[in-house]
Amino acid sequence: MITSFWREKPVALLVTAGFILVFAAASWAEDSKGGVIAEGKQVSLEYTLTLEDKSKVDSNIGGEPLVYTHGSREIIPGLEKQLGGLKVGETKHIEVAPAEGYGEVDPARRQEIEKNRVPEDARKVGAKLTGQGPGGQMIFAQVTEVKETTVVLDLNHPLAGKKLIFDVKVLKVEDPPANKVEMPAAAAPSKPADKPAKK
């Protein structure tokens, strides 16, 4: 009887230990998925961007997620900083001051150019223009004044000087694809409705 017990008991203990190992392995596998936003992780977000006056600038709800690599300066610094440590499924209300968004409005970024360099249908106050700078970066301009032979342009980003309010939900956090080629951070999005890139 005693012999039978000691013959059977180790088997039972091994089986129990096996279950523990299986559970532990499952838990480790869950952790290894990288469900927490950290340096180098590829993150997919759902977001809505509004301003202090409650006006909605952009939202990707119901559309494609915003995908970026955390720590690569692909999005504005004030947003990236506050996303660190969030887990898949979590939501957060994030407010970004101008200094960590698109910067303050800089009066020096006003430029007067000859009228014939501006498309005829854009020669009116409030018209928005886009172009490329010497380094290939996207440049934004808004017509602020039209004179007899020249046009005054404001080259500040449309969201410069504004507090940005994001409501985000973390959809996915994973290791970036092995074949992903790192590109330099964009100077700014092609328009406010694009990915909120770094200034």
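Every number here is computed from the coordinates shown, using simple stated rules; none is lab data. The structure displayed is predicted, hence computed values, not measured ones. When we count neighbours, we look across all protein chains shown, and the Cβ atoms used for this are built from the backbone with ideal geometry, even at glycine.
Applying a DSSP loop filter and a limit of 15 other Cβ atoms within 10 Å to the GluC sites (Glu not before Pro) in segment 50-97 leaves Glu52, Glu90. Among the GluC sites (Glu not before Pro) found in segment 98-156, those both in a DSSP coil and sparsely packed, with 11 or fewer other Cβ atoms within 10 Å of their Cβ, are Glu148. Residue-wise HN-Hα couplings along segment 42-57, as the Karplus relation 6.51 cos²θ - 1.76 cosθ + 1.60 with θ = phi - 60° gives them from phi, are 8, 10, 10, 10, 10, 8, 10, 10, 10, 10, 4, 7, 6, 6, 8, 8 Hz; Gly and Pro carry x. Around the amide H of Thr150, modelled in the peptide plane, lie the amide H atoms of Lys115, all under 5 Å away and 5 or more residues distant in sequence or on another chain.
Kirkwood radius, segment 76-170, all distinct C-alpha pairs, inverse of mean reciprocal distance: 15.5 Å.
Taking a quarter of the surface of the Cα convex hull of segment 107-154, what do you get in nm²? Averaged projected area of segment 107-154's Cα convex hull equals 3.4 nm². Residues Asp58, Asp106, Asp53, ranked from the fewest to the most other C-beta atoms within 10 Å, line up as Asp53, Asp106, Asp58.
Under the combined filter of DSSP loop state and at most 14 neighbouring Cβ atoms within 10 Å, segment 75-146 retains these trypsin sites (Lys or Arg not before Pro): Arg123, Lys124.
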